[in-house]
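Asks: I'd like to ask some things about the structure below.
No lab work stands behind these numbers, since they all come straight from the coordinates. All of these numbers come straight from a predicted model, not from anything done at the bench.
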Amino acid sequence: MNPIYIKGHLSFTFENQNIEFIHQSLSVYGVAGLPWNQLDPNKHFGQRVHVSVKIPGAEPLSFQAPARITREYSLSQRKMGLAFDLSQQQREQLGAMIKKAGFFPTDHIRKYPRIPSTEMIRTFPLRSIVIPTRRAATGETVTLAQPMVFDVENLSPNGLLLKTENSAAGELMPGDRLSITLEPRGWFPTPIVAEGALCRILDEIHPRTGNTVRRIGIKITQINELNRQAFLDLMRDILSSLKKSV
C-alpha cells in the first residue's frame, strides 16, 4: 500500500500559549489524534492557527502554513486535529517526502479496506439517508429525528463513512443507532437499508462556506437477508469496475 503519513514535529502559538507536538503522523491534509491539553473542543474548534512543521531525516523539510483546529469523538475519547491549508508547492513537497520516506499505518488495519467514493463507477452510491433511531422496550424501532441526507465518502462490506454540512447532524454522538438507506445509482435499482452504530465523529470547518462539516464512521450492525444480498451484489460490481479501471 502507498505511504500516506510521515513522522514530524509541529508547533503553534494560540492565545499566548506555545503548543507543541512531537513525533506525530502527518499527511498532506493535516494531523489527527492530538490531545486537547489546554484547549477546549467546544471553544476552540474551528479556530485558525499558523503552524510550524518540521520533518527530520536525511533530507529534512520545514514549512509554515495556516491550519484550522478540528475535533474527533469516539466512544472512549475526544481528540484534536489540525487541517492544513498548504500552498501547491508545500503540498507537492510534503507529498513527495511521504512517497519517498513515509509509511502506511499498520496499527488499525481494517478487515475490509474501505473503497473511496467515486462518481466514475456508475453504481457507486453517492448519497445516503440517515435516521437516528432507538430500540424501545417493546422491541420496536423509534425514530428520534428527521431524516438527513449525507454524502458517501467511502464504504466497505461492514461499514461506511458519511459526510454532511447539515447542522442537525451536530446532535449525533458516538453510540447512536442509525437507520441507513443507500441511494441507488446507475443501473443498480435497489436502495440498500441497514442499521448501524455510530463509532466515530470527525468535525472540521469548510474552508469556503465556513460551515461545520461532520463526518460519521458507521459500523453496520443489522441487515436483513434481502438487503445483505443486494449489498454484496453492489460491492461485487464496484470491485469489478475498479479492477477494469486499473
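Asks: So what is the relative contact order of the chain, in percent, for Cα pairs below 8 Å that sit 6 or more residues apart?
Replies: It comes to 16 percent, rounded to a whole number.
Asks: Using the Karplus curve 6.51 cos²θ - 1.76 cosθ + 1.60 with θ = phi - 60°, work out ³J(HN,Hα) for each residue of the stretch 173-180 in order, rounded to whole Hz, and write x for Gly and Pro.
Replies: Result, ordered by residue: 9, x, x, 5, 8, 9, 8, 10 Hz.
Asks: Return the long-range amide H neighbours of residue 188 (sequence gap of 5 or more, or a different chain), with a cut-off of under 5 Å between placed amide H atoms.
Replies: The list, which skips near neighbours in sequence, is empty: none.
Asks: Name the lysines eligible as straight-distance cross-link partners of residue 100: C-alpha to C-alpha under 22 Å, and not fewer than 8 places from it in the same chain.
Replies: 7, 54
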